[in-house]
1. For segment A:201-252, what is the per residue volume of the convex hull drawn over the alpha-carbon atoms, in cubic angstrom?
2. Simple spin-label model, 7 Å along Cα-to-Cβ: B:GLN61 to A:SER251 in nm?
3. Quick one: Karplus J couplings for segment A:95-109, per residue in order, coefficients 6.51, -1.76, 1.60, θ = phi - 60°, nearest Hz, x for Gly and Pro?
4. So how much accessible area does B:LEU184 have, in Å² to the nearest 10, using a 1.4 Å probe?
5. Roughly how much accessible area, to the nearest 100 Å², goes out of reach of solvent when B and A pair up, both sides summed, probe 1.4 Å?
6. At 1.4 Å probe radius, can you tell me the per residue accessible area of segment B:3-199 in Å²?
7. Just by accessible area at a 1.4 angstrom probe, what is the order of B:THR112, A:THR153 from largest to smallest?
8. Rounded, prolate or oblate: which fits segment B:145-205, taking a ≥ b ≥ c as square roots of the Cα gyration tensor eigenvalues, rounded meaning a/c under 1.5, else prolate when a/b beats b/c?
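The values are calculated or read from the model by the stated rules, or taken from the named source; none is laboratory data. Since the model is a prediction, treat every value here as computed from it, not as a measurement. We place every Cβ from the backbone using ideal geometry, glycine too, and count neighbours over all the protein chains shown. All accessible areas refer to the heavy atoms of the entire protein, side chains included, with ligands and DNA or RNA removed. Shrake-Rupley method; radii C 1.70, N 1.55, O 1.52, S 1.80 Å.
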Amino acid sequence: MKRYVGAMLFLGLVVFFPVASLSAENLPIAASDESEGKVLPEGNVSGEETIGKDDDEDPSEADQIGMEAEVAPVKDSLQPFNRAMFFFNDKAFHYFFKPIYKGYNSMIPVQARVSVKNFYSNIRMPVRFFNCLFQANFKGAGTEMLRFVINSTVGVAGFLDPAKSKFHIEKQDRDFGQTLGKYRMKSGTYIVWPFVGPSNTRDTIGFVGDTVLDPITWVSYFFLKPIESVGNYTYESVNGLSVDTGDTYESVTKPAIDPYIALQDAYLQNRLKKIKE
Amino acid sequence: MNKRKVISSIFYGIVLLIGISPSLWAAETPGTLVMTTIDRGLAVLKDPALKGAEKVQARRQRLWVEISPIFNFEEMSKRALGQHWKKRSPEEKKEFIGLFTNILKDAYIGKTDTYSGEKIVFIKEKQDEKDYASVQTKIITNTGAVVLVEYRMLSNAGKWQIYDVVIEGVSLVNNYRSQFNNILMKSPYEELVQKIKGKVGKDEI
């Protein structure tokens, strides 16, 4: 008989030890409950708010436990201006860009559109290369250099992407806003720029930095008339949208109850992920 | 005595086995569960009998039947309302779950209409010692773009269900929580319900 009591105790220990160790890390208050050997899926509720607070540190983990975590207030002091800009961009998307890229889509085969996108992306290599360096990601910088050499030659001036398709060397999407984020610069207030879309103080500075690093800026500055530059940027946007078929924007805003907040939140969450990468 | 020793060691063995491998309790790991569900969903989308614009309703219906059981809509609703959930009465909660389920259904089942052979690849799964798991997958589009999709799952008595979908770092539930919070900061709960009802009515499949 004693033996079985011992076995029950053992069972109790084995089953509840992982629970105890998990909760003990997170919830000092819950410790008393475990000694009684209760499994407490609901019981954790009391501790959730305390855990949720640190979701700046690790949203994925905090979120798993801290479902009732307070949403950190988003700094959006320019909201009236931003909402107006959002409205403007939304209309520009639906009534200007969308009809254009739809027409463009029906004329140009998808492979050609992807090639154009590759071409622009290849020219922009210095942006990614230098940001890799700024982020002390030397491997990434090397990868970008290698990709540039392969794609500019074998890839016919960047129209093809053999570096990825043949050699499986992935593009390193690095930008200056991300670099600043990695150096712990605060994101500042949320801003929506006309045509450019969601941004914040940090990413606006980042955008300016990337523009300086961008060879297309230099070409536009020295060789193109303003109208030609505008045409170039518009064409690039239309082509980019046509490859994406506007999906990213619409899949965020269409199912939303408040599209402005949905886009803002998606932007901020996505940027946070990129800075952590 | 000897016999008793054998019996008791078998007993301990069983206890140990049960104790240290809770995964045995569940029939499938979260990863295989997600992937088999996705495969069944894709089978519906690829089914020649359900192709074409006139079969939209039937296809969406079938797809919903295949994939909806893997979602824990109550948990999603709870998380989307966040701290406001506790203040709601049981009837309000029930109504809200129904409304939120419809929003998600309208938004994401409709998106499958344009399915054109995108591939969905399993990357990895991660399981915490307790009841949480995440399954990472990627969608490879026809233009070669890669979209990372992570399914966050919760085990309820050995049954794994999805409570959040994270696309390129954007959590679906957090996205709705930001929206709901923002509305509830300025207006009463009833107005939020009205807004959701207006939305659900508008995009009715």
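1. On the way: hull volume 5.2 nm³, N = 52.
Spelled out: Cα convex hull of segment A:201-252, divided by residues, is 100 Å³.
2. 2.7
3. For segment A:95-109, the Karplus-derived couplings read 9, 10, 5, 4, x, 5, 6, 5, x, 4, 4, 6, 8, 9, x Hz, x marking Gly and Pro.
4. Here the accessible area works out near 30 Å².
5. Details: alone 12790 and 17530 Å², together 26210 Å².
Buried area between the two chains comes out at roughly 4100 Å².
6. Working: 10040 Å² over 197 residues.
Per-residue value: 51 Å².
7. Values: B:THR112 35, A:THR153 95 Å².
From most accessible down to least: A:THR153, B:THR112.
8. Numbers: a/c = 1.92, a/b = 1.65, b/c = 1.16.
Since a/c reaches 1.5 and a/b is larger than b/c, the shape of segment B:145-205 is classed as prolate.
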